[in-house]
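See structure below.
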Amino acid sequence: AETRPLVPVIWLHGQACTGCSAAFLNAGEPSAAEAILNIMRLEYHGLFSAASGVELEHHREKVMREFRGNYLLIAEGAVPAGDQGYFCSVGGVPYGEILKAAAKQAAAVLAIGSCAVWGGIQAARPNPTQAAATQQVITNKPVVKIPGCPPIPEVIAGVVLHYSLFGQLPALDSQGRPTRFFGKTVHAGCSRKSFFEAGQFAEYYGDKGAKAGWCLYKLGCRGPSTFNSCAALGWWQGLSNPIQAGSPCIGCSEADFWDDDPISGFD
Ligand code: SF4
Ligand code: SF4
Ligand code: F3S
């Protein structure tokens, strides 16, 4: 059988809590080890790489030269525009500058996590660092958006695998998200949907309805307006998802979910 070379990947971190990377480590199928060893050729990652500091930065530059036009760039975290970008810098260079340089030579950019896709918590009011989304900075390259806080790890691996197998990006929706994973709402596949349809709602946490698995809509569930694959793929190696575990969906894959959260009552 024909063997294809693994796609080289540079995985950058901007204004991130690194939860997207942590989620990736908890992937089920493929596991993180499988994804890193058999799906992508992960050349640069601030946490997973064995090297660090100047050596790692030099290696990134070498990979950018050697695989010019052929590597995928994964961007995790928002991009600070304030204070000339110095709110987040690596090796003394503002993240935005590193991102732009790496994107210039990349085949495509994958913005992973709601911070990279929408600005996320960094961009929440009053946005003191003027955090921006990846595609506000990278305008001359396709940017695949994989939102979620964190994003579903199997979705990240799935997009890289698709690119590696077919040599092109998967079908994207009008917002740049892979249709395969963001084509349906969380509500569409929810395990509590039959209760929604029957009008059976939990009224408060721990009440009879909540314990019986009734719908969490009255507790602020945003599943009906949130596009993500949580119901189909699950979390923690497919074990469960927030709603199955008893929490309403807070819409973590949607834009401005921090500012717009009916549960926190901030708005
Ligand atoms: Fe952390 Fe969420 Fe941002 Fe990922 S999207 S870096 S998990 S805050
Ligand atoms: Fe829809 Fe949320 Fe109710 Fe599930 S819990 S059926 S996603 S409203
Ligand atoms: Fe996020 Fe809602 Fe899924 S909060 S993890 S999109 S169930």
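Under the convention that each Lys and Arg Cβ holds +1 and each Asp and Glu Cβ holds -1, the size of the dipole of region 37-104 around its Cα centre is about 280 debye.
Straight-line cross-link reach from Lys141 at under 19 Å between alpha-carbon atoms covers these lysines, not counting any fewer than eight positions away in the same chain: Lys100, Lys104.
For the chain, with only Lys/Arg (+1) and Asp/Glu (-1) charged at the beta-carbon, what is the dipole magnitude about the Cα centre, in debye rounded to 20? Spell out each step's value before the answer.
Values: 20 positive and 22 negative charges, 92 e Å.
Approximately 440 debye in magnitude.
Bridgeable aspartates and glutamates around Lys62 (alpha carbons under 12 Å apart, same-chain partners fewer than 8 residues away excluded): Glu43. Charge dipole (Cα centre; +1 on Lys/Arg Cβ, -1 on Asp/Glu Cβ; no other charges) of region 127-267 amounts to roughly 420 debye. Using a simple spin-label model with pseudo-atoms 7 Å out from Cα toward Cβ, Arg4 and Lys208 lie 5.5 nm apart. Cross-link partners for Lys193 among the lysines, with Cα-Cα distance under 28 Å and sequence neighbours closer than 8 places in the same chain left out: Lys145, Lys184, Lys208, Lys211, Lys218. Straightening the chain between Glu66 and Ser225 buys 52.9 nm, computed as 0.36 nm per residue apart minus the Cα-Cα spacing. Ranking Ser240, Tyr204, Ile250 by how far each Cα lies toward the positive end of the dipole of region 184-267 (charges on Cβ) leaves Ser240 at the top.
Mean separation of Cα pairs under 8 Å and 6 or more residues apart, divided by the residue count, gives the chain a relative contact order of 18 percent.
Karplus-based coupling profile of region 196-211, in residue order and whole Hz: 4, 5, 7, x, 9, 10, 5, 9, 8, 4, x, 6, 4, x, 4, 5, with θ = phi - 60° in 6.51 cos²θ - 1.76 cosθ + 1.60 and x standing for Gly or Pro. Assign one of three labels to region 7-180, namely rounded, prolate or oblate, based on the Cα gyration tensor with a ≥ b ≥ c the square roots of its eigenvalues; rounded applies when a/c is under 1.5, prolate when it is not and a/b is larger than b/c, and oblate otherwise. Here region 7-180 falls in the rounded category. Among the cysteines of the chain, those whose beta-carbon sits 4.7 Å or more from every other cysteine beta-carbon are Cys17, Cys20, Cys88, Cys115, Cys190, Cys215, Cys221, Cys230, Cys249.
Sorted by average packing, counted as other Cβ atoms within 10 angstrom per residue and highest first, what order do 136-149, 206-219 take? Can you show the working numbers first?
Values: 136-149: 20.6, 206-219: 16.3.
Per-residue mean Cβ counts within 10 Å order the peptides as 136-149, 206-219.
A full extension of the chain between Val54 and Ser240 corresponds to an added length of 62.9 nm, given 0.36 nm per residue minus the alpha carbon distance.
Just so you know, all these numbers are worked out from the coordinates, no wet-lab data involved. Values in this document were obtained by computation on a predicted structure and should not be read as measured data. We place every Cβ from the backbone using ideal geometry, glycine too, and count neighbours over all the protein chains shown.
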